[in-house]
Amino acid sequence: MKTKNLLALEGNQAIALAMRQINPDVVAAYPITPQTEIVQVFSEYVANGEVNTEFVTVESEHSALSACVGASAAGARVMTATSSQGLALMWEVLYIASGARLPIVMTVVNRALSSPINIHCDHSDAMGARDSGWIQFWSETVQEAYDNLIQAIRIAEKVHLPVMVNMDGFITSHAEEVIEPLSDEDVRSFVGEYKPTRMLLDVSNPYTIGPLALQDSYFEFKRSQAEAYKQVIPVVREVAEDFAKISGRKYELYEVYNLEDAEIGLVVLNSAAGTAKDVVDTLRTQGKKVGVIKPRLFRPLPVEELKKELSHLEVIGVMDRADTYGGFGGPLFGDIRSILYDSPNHPVILDYIYGLGGRDVTLEHIHKVFEGLESVKSSCKVENLVNYIGIRE
Amino acid sequence: MKLPGWKEMPEGIVILEAGNSREYETGSWRTFRPVLNKEKCINCLFCWIYCPDSSILVENEKMNGFDYSHCKGCGICSKVCPVKAIDMVEEVTV
């Protein structure tokens, strides 16, 4: 029997390892808690000559992503990583990268946005970039973050769009987990050689990138960009198939857990999904028909697929680790309600905003959420559509 | 120039044809236009040398009028002309 190659790694170390194995042409990054260790460990690989990467040390995240845009347009395979304020500082460049259809791959170690200043996990950083045109993957565990990042390279380069791979700050980024990494050779042959369709360094085929497009063309460019996201889901599936062949780990667009015969379902991203699944196990032993769905691909949103998975439910709780201040519930809540608006049996959908600024989400919290959903199911009465859990009154 | 529909747009905000800027007409906001008096012109081509927008048309080494699609009407040609062969005429009167 072939022995498994197992390693105990923190999330950040696993991401740095994946980056070493991918061996990108250019990495431009700026350190920020809780992402720092990715840049730190990767820079050691660069210093040790373990990668051929041109590592660009920049003065800010705005510059980091700008350097990535230039390098990607020049024809390089490009990666970066950030968190929170760093992602916020990249904001205008995010749209430039996606509009220019540059396949940059970035790890986002999710952390709360100021103010008040906080270094711990929530999803307000990536949710703020929700509409920026980046493909978004979310990862429950270290293993998933590692696996998603490797698949992201293939997906980005196939669909010509940038990809963001999210994992929870500290909870995943600094938690040591036993993972099964792929061999260097397997990763290298899986990602293959990057062959851009066009590149600025190809001087025999000159072209202009990023020209002004005013009232007469901007709309057509953006409409054609909107169309590009339709090809993403089949590519994500195809890459997952290939990845399963070398890893034995098969990824779907989302993970469903006891959902098929469930009457009450919970939608939850990233690490809290593990806690939710644990609660579902307990409730199932009590005969409760409850389940969980954990979206992995959040942008583009798998609308039809999620509708199919969720429309049989009677009551749905959506867990949002970000708020839309002045809006109507969290960002995931809005999407899920919109997806199910025209489903024939109209599930009741409630939002639970949790864990802002790294506030722990416990088994008790999730038990309470399920209790609330169950009382909505039996009484058909909803007190509050948008709820905050784990908060001092 | 017929503008392409969204399905015909090149991927990624690019212009694939090199040297395409001449297709973009930039002479529409001129206030004064240069008008050549061929009888006075000595074909010294000072205007061609000084024009900042490559809008002096030259044929067989002779001054042959203006590219009004790109001329902004700055008047430099008229100013540098040693024989005063270029008049600046207000657009509305032309």
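Laboratory data are not the source of any read-out in this text; all were calculated from the coordinates shown. Since we're looking at a predicted model, the values are computed, not measured. For neighbour counting, all protein chains shown are included, and Cβ atoms are generated from backbone atoms with ideal geometry for every residue, glycine included.
At-a-glance table
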quantity	calculated
Links that overshoot a 32 Å alpha carbon limit, given the list A:Lys4/A:Lys307; B:Lys38/B:Lys72; A:Lys195/B:Lys7; A:Lys158/A:Lys294	A:Lys4/A:Lys307
Helix A:218-228 vs. chain A, principal-axis angle (Cα, 0 to 90°, nearest 10)	70 degrees
Most mobile listed residue (A:Leu113, A:Leu212, A:Leu17) in chain A, GNM with C-alpha springs under 10 Å	A:Leu212
Where labels lie 7 Å past Cα in the beta-carbon direction, separation of B:Ile42 and A:Lys245 in nm	7.9 nm
Part-to-part distance (alpha-carbon centres) for region A:209-237 and region A:285-351, which is given in Å	27 Å
Value at 222 nm in deg cm²/dmol, rounded to 500, when DSSP H runs of n ≥ 4 in the protein assembly as shown each add -39,500 (n - 2.57)	-10500 deg cm²/dmol
Cysteines in chain B that, by Cβ-Cβ distance, have no pairing candidate under 4.7 Å	B:Cys41, B:Cys44, B:Cys51, B:Cys71, B:Cys74, B:Cys81
Span from the region A:87-118 Cα centroid across to the region A:30-79 one, whole angstrom	14 Å
Nearest-ten-degree value, helix A:363-379 long axis tilted from longest Cα axis of chain A	50 degrees
Projected-area mean, chain A, by convex hull of Cα positions, square nanometres	21.5 nm²
Ranked by how many other beta carbons lie within 10 Å on average, peptides A:25-37, A:264-276, B:55-67 from highest	A:264-276, A:25-37, B:55-67
Student exercise, chain A dipole from Lys, Arg, Asp, Glu Cβ charges, in Debye to nearest 20	560 debye
Farthest toward positive dipole pole in chain A [+1 Lys/Arg, -1 Asp/Glu at C-beta], among A:Asn23, A:Ile209, A:Leu9	A:Ile209
Student exercise, region A:275-393 dipole from Lys, Arg, Asp, Glu Cβ charges, in Debye to nearest 20	200 debye
Charge dipole of chain B about the Cα centre (unit charges at C-beta), most positive-ward option of B:Gly27, B:Pro82, B:Cys51	B:Pro82
Centroid-to-centroid separation of region B:70-94 and region A:353-387 [C-alpha atoms, Å]	76 Å
Where labels lie 7 Å past Cα in the beta-carbon direction, separation of A:Ser338 and A:Val382 in nm	1.7 nm
GNM flexibility winner over chain A from A:Glu263, A:Glu305, A:Glu92 (Cα, springs under 10 Å)	A:Glu305
Region A:96-248, dipole about Cα centre (Lys/Arg Cβ +1, Asp/Glu Cβ -1), debye to the nearest 20	700 debye
Nearest-ten-degree value, helix A:61-74 long axis tilted from longest Cα axis of chain A	60 degrees
Average partner coverage of A:209-215, which counts Cβ from other chains inside 10 Å	3
